[in-house]
Every structure is written in C-alpha cells, then in structure tokens.
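The values are calculated or read from the model by the stated rules, or taken from the named source; none is laboratory data. If you're wondering where the values come from, they're calculated on a predicted model, not measured in any experiment. Cβ placement follows ideal geometry from the backbone for every residue including glycine, while neighbour counts extend to all protein chains displayed. These accessible areas exclude ligands, DNA and RNA; they are computed on the full protein's heavy atoms, side chains included. Shrake-Rupley method; radii C 1.70, N 1.55, O 1.52, S 1.80 Å.
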Amino acid sequence: MWGMSETPPESPDFDAMARDIAEVPAVEVIVTVAVNLMSAAAVKLGLTEEGEKHKDLDEARKLVHALAGLLDATATEISSFHAAPLRDGLKSLQLAFREASLVPDEPGQGPGEKYTGPVYG
C-alpha cells in the first residue's frame, strides 16, 4: 500500500491512447504487431547478438505460430507490398526454428505450418 508521503505510479491515460490509436490505419497496426512478433521470435530463437542467453524454443514456437496465424488471417486485408516481406520473414523464422530443433518436426507440423503448409529450405 502507498504510504502518505508516496505517490502512486502514473496511470496510463487511456483516453489519449485511444485517440492516438484511432489515427493509425489498421494495416499499420497489423504490420507493427507482426514485426513485434517477428522480433520476439528471433530473440527466442537465439538469433540476436546475445544468442543462447535468451534462446527458448518453446516460446519461439508460440510466437512463430501466432505470427503465421496473424498473416493468414489478414492476407486479404493487407497489400502484397506489406505482406510479402512479412511472409519472407516468417519463412526465415520457420527455417531457423527447424535448424535450431534437436528433433525437427515432421513436415507440416512445425510452428505456423498449419497456416503456411510445410516449409523446406
């Protein structure tokens, strides 16, 4: 509990946040979420400078699967200008996952392959 001399941490201004998000096109929100999923998956796959320190294939699987689902669900909503590089990034992450796995998934069973089909190098 907060003492008499302490002040509670600033609470977010949800009205301001809603106004800000109202000005952002849906495509931009979708692409931003996809890029965040890609970045998080890369970290969990150990593809960053710190590599093994943050590697967690179980977490990476979930992130890659979520990314694939998002891209599948929004395929008709975003232009190929936006979708093509995201699909390329997804495939790269799927291949990196397959390479990092000690026991690779069967074709079509890897993360996100429910949406993309089997991914081969």
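Under 10 Å, Cα contacts only: if you run a Gaussian network model on the chain, which one of GLU49, GLU59, GLU77 comes out with the highest mean-square fluctuation? Per the Cα network of the chain with a 10 Å cutoff, GLU49 tops the list. Dipole size of the chain about its Cα centre, with +1 on Lys/Arg Cβ and -1 on Asp/Glu Cβ: approximately 500 debye, rounded to the nearest 20. If you run the Gaussian network model on the chain, springs between alpha carbon atoms under 10 Å, then out of VAL35, VAL27, VAL103 the most flexible one is VAL103. Among the DSSP helices (H) of the chain, those spanning at least 18 angstrom by Cα along their long axis with an average Kyte-Doolittle hydropathy of 1.0 or more are 26-44; this is a geometric and hydropathy rule only.
Dividing the summed -39500 (n - 2.57) terms of all DSSP H runs of n ≥ 4 by the residue count of the chain sets its mean residue ellipticity at 222 nm at -18500 deg cm²/dmol. Compute a Gaussian network model of the chain, connecting alpha carbons closer than 10 Å, and tell me which residue from SER11, SER101, SER39 fluctuates the most. Evaluated over the chain, the most mobile residue of the options is SER11.
Using a 1.4 Å probe, what is the accessible area per residue for the chain, in Å²?
On a per-residue basis, 69 Å².
Computed with a 1.4 Å probe over protein heavy atoms only, the accessible area of GLU28 comes to about 100 Å².
Count Lys and Arg as plus one, Asp and Glu as minus one, and take only other residues whose Cβ is under 15 Å from that of ILE30; the net charge is then -2. For THR32 and ASP58, a Förster radius of 25 Å and the Cβ-Cβ distance give a FRET efficiency of 0.50, rounded to the nearest 0.05. Computed from Cα atoms alone, the Kirkwood hydrodynamic radius reported for the stretch 19-105 is 13.6 Å.
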